[in-house]
Amino acid sequence: MTGVKTVNRIRIRSGALAALAISALFVTGGLVTSASAGASAATQSTDVDRWVVPETRQGGEYWTAERMRAATPGDVLVGDNVASAGRSDVEVGQEKKVAKQSRNPKVTPTATQQTPVDHIGKVFFTLGGSDYVCSGNAISAPNESTVATAGHCVNEGPGAFASRLVFVPAYENGAAPFGQWNATELYAPTQWTSGGDITYDTGFAIVSSPTGATLSDTVGASGVAFNEGRGLTYSAFGYPAAAPFTGNTLQSCSGVATDDPYAQSESQGIPCDMTGGSSGGPWFIGSGSAGYQNSVNSFGYNNVSNTMFGPYWGSVIESVYDAAAA
C-alpha cells in the first residue's frame, strides 16, 4: 500500500434534505420513471456524505420474495445524470490497494448455495416510495461489513438517501443462502449527493449481520484498488433484470476499458450487454471475480450498443471508501 489520504473533518448536516423528484430516462432501455425521498440525518465532509439509517427505515422484514421480484431495476434513476453530465477532471492520488479478506470456513450458509460467487449479490432499496434493485459486492474493510455499489443505488444524486436497503449475497433464483443484510449507514461522494455528477457514481453501505458473524467472515470480501491506470482489462458482474435477462442469475462481461466516447464523464466503458438491475455490480481488474475491485456498473448509452460504463476510482472514491470502511 502506498500513501495516506487525509479525509476532511466531518461536519453535521441537519434538517431535511430537499425532496427531489428525478424524472430519469433509463439510458440502456428507454424506460422512464421518477423517484423522490424526504428527510434524512446525514454527516458530510468535502468529499464524503454519510447517512446513519434510522432503525425504522432499515429493511427489517420488509423485503419479501414478492417485493424482491417486483422491484424496479435501479438504472432508471441515473438517466438524467448522464444526459446533463459535464466532464469532470477526476482527482488521481497515489495508487492504493487493499487486499481481499477470506471467509471464515466455520461460517456456513443457512441454505444450499446456488451461486458461484458468494460475495456478489443483489441490493434492494426504497426511494420516494418505490422499490428498486441493483447489484453489489462485499469488499475488504477494517469493519468487515462494507458493500460497494453504485451511487444511484444509495442516493438520488442529488437528493435524499435510500431507505430499507439490504444486501443479499449469493442470490440466485429467489434463494438467499446467506440471508439479508440490513444497511445501517450509507456513504457516497458529495459530488454525487449534491451535484449528481455521474463521474462519481459510487456508493458504499455498512451492513449489520443477521447471524452475528461479520459479512467478510460469512462470504469473504474482494480487495479494492484506487488510482490505477486507465484502459485496464476488467471483468464486470451483476444481476441484469431487464429483458432479455430475468435478474435471477449472476451474469458477467469482460474486456478492455475505453474512455467515454462523448467525453461527458471520466467513466470508462467495457463491452457488455447487461441491462437494468446490474447497476452497482463490481468491476474486477483482470479476469474472473478474484481480482481487485476497481469500479462498478454505472450506465450505458442508447446509441452505444453493448457497452457498460463505470466510474474511475480515484482519490475522491478512495476518501469515501476510507470513511465507510473504518
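Take the conditions closer than 24 Å to residue 196 by Cβ and touching a residue at least 12 places away in the same chain (Cβ under 8 Å) and apply them to residue 210. Does it pass? No; evaluated as a whole, the condition is false for this residue.
Every condition in (1) closer than 24 Å to residue 168 by Cβ; (2) assigned to a loop (DSSP other than H, G, I, E, B) holds for residue 321 except the one numbered (2). When region 282-318 is filtered for residues that are small (Gly, Ala, Ser) and surrounded by 24 or more Cβ atoms within 10 Å (Cβ to Cβ), the ones remaining, listed by number, are 295, 298, 300, 310.
Only one of the listed residues (321, 262) is touching a strand residue (DSSP E or B) at 6+ places or on another chain (Cβ under 8 Å) and either among the charged types (D, E, K, R) or closer than 16 Å to residue 201 by Cβ (or both). That residue is 321.
Only one entry of 225, 241 meets the criterion of being of a type in the set (A, V, I, L, M), within 20 Å of residue 124 (Cα to Cα) and touching a residue at least 60 places away in the same chain (Cβ under 8 Å), and that entry is 241.
None of the figures in this text is laboratory data; all of them are computed from the coordinates on show. None of the values given here were measured: they were computed from a predicted structure. Positions of Cβ are generated from backbone atoms using ideal geometry, with glycine treated the same way; all protein chains shown enter the neighbour counts.
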